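Q: One structure follows; several queries about it will come next.
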Amino acid sequence: MKKRQARRILDAEIKSFGHRISLLTFENNIVTSQFKEAHIAFKEYIDRVKKHSDPAIRKHILKDAFMGCSSVGSDVTKGKGVVIRFPLGWKSIKVREKEYALVENLNRQYSWLLVSTYEAYEHFIKELYACMGFLDSAFWQCEDYGCVRVSEIHRLKLAWFKERVRQRSNQRFRQGTSYALKQFRKAFPETLCYERVALPAAKTYLYSDAVFHEKVRTLTLGLTCLLAEKLRHAIVHNQGAIEGVEILCENIGANGAKRKTIVAGHFKDSAEGPRIWLVNDQKGVLDHRFLDLRITHILQSLCAHACLVYKACIIHFGEQAFWDRKSEGKHRK
């Protein structure tokens, strides 16, 4: 009975997570494709302008164009409902800056896609930990239960465990996934070797009619997930800026020149310091290499790690991961 219940509950959690990841993957494809279309249209427009017969029009668009910025608001000093439009400033903008604005927009969209992806992963890890507490009362630590008496634990419903990990007053779960992952690793030490594996990654060039793949160096699975957590924090709380790459590497344990170089590849210098940059524009060349999707590799890594923890949990109850059960019906016949 417990095995069937564990299978049903744990399968529901991983499949729910899978649905979220599928939607985020679709969003990733949409964002990339929209950027590609917008950038191609922009390049074609500039090419037409360069060939325009009127030199004044060419000069205006290519060199002298400017952009105004204004906003609509309400002047509360003049009474209720008085709508005004106030200018915020003007800026001359060159062709290169216009093109770069497209790239900036792409990076912002990838950044918030990363936030959504990590938060889906974080939600899954916490929910899975709640399920394990419900299915196996020995899995949770005594302090996890708070003020609940030992005699009452067997009467607690699954909903209580899920609510417990969501409570803001519960210090163990306020700091992301760190506590739950610590307990999973303690219970399932066999997963640690898989966290030290580096998933294969590729640069995908989408501007060509063909799709080319080139192997690139990546962090190990565990470090990629930890890096994703730090990136999410910087995006949400500091507009994507960090104090320094060296400090970040130290915080996540990315030691050695190669690992530090990989981490540094997720940032670019700005006036505020290193800033998260998920779009490749090496040496300032604006071409198809924009679409070196670091976000794709992070999404794949978070999904792989979620599946790894799920598989350890389901095996704990003597069951198989749902993707390994395809032919079990044949064996029973």
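The values are calculated or read from the model by the stated rules, or taken from the named source; none is laboratory data. A quick note: this is a predicted structure, and the numbers were derived from the prediction, not measured. Cβ: placed from backbone, ideal geometry, glycine included. Neighbour counts: every protein chain shown.
Q: Going through 51, 3, 94 one at a time, which residue ends up being more than 30 Å from residue 318 (Cα to Cα), surrounded by 11 or more Cβ atoms within 10 Å (Cβ to Cβ) and of a type outside the set (A, V, I, L, M, F, W, C)?
A: 94
Q: Let me ask something else. Give the residues of region 237-260 that are touching a residue at least 24 places away in the same chain (Cβ under 8 Å), part of a helix (DSSP H, G or I) and farther than 19 Å from residue 115 by Cβ, sorted by residue number.
A: 245, 258, 259
Q: What about residue 40, is it of a type in the set (Val, Ile, Thr), at pLDDT 90 or above and either assigned to a helix (DSSP H, G or I) or touching a strand residue (DSSP E or B) at 6+ places or on another chain (Cβ under 7 Å) (or both)?
A: no
Q: Is it true that some residue in region 24-37 is surrounded by 15 or more Cβ atoms within 10 Å (Cβ to Cβ), among the basic types (Lys, Arg) and modelled with pLDDT under 85?
A: Yes: one or more hits.
Q: Among the numbered criteria (1) at pLDDT 90 or above; (2) surrounded by 13 or more Cβ atoms within 10 Å (Cβ to Cβ); (3) more than 22 Å from residue 193 (Cα to Cα); (4) over 20 Å from the mean Cα position of the chain (by Cα), which single criterion is violated by residue 267?
A: (4) is the only condition that residue 267 fails.
Q: For region 294-324, give me each residue that is under 15 Å from residue 9 (Cα atoms), among the aromatic types (Phe, Trp, Tyr) and in a helix (DSSP H, G or I).
A: Matches in region 294-324: 310, 322.
Q: A further question follows. Pull up region 63-81, narrow it to residues that are free of Cβ contacts under 8 Å to residues at least 24 places away in the same chain and not in a strand (DSSP E or B), then point me to the one that is nearest to residue 93 (Cα to Cα).
A: Going through the qualifying residues, I end up with 75.
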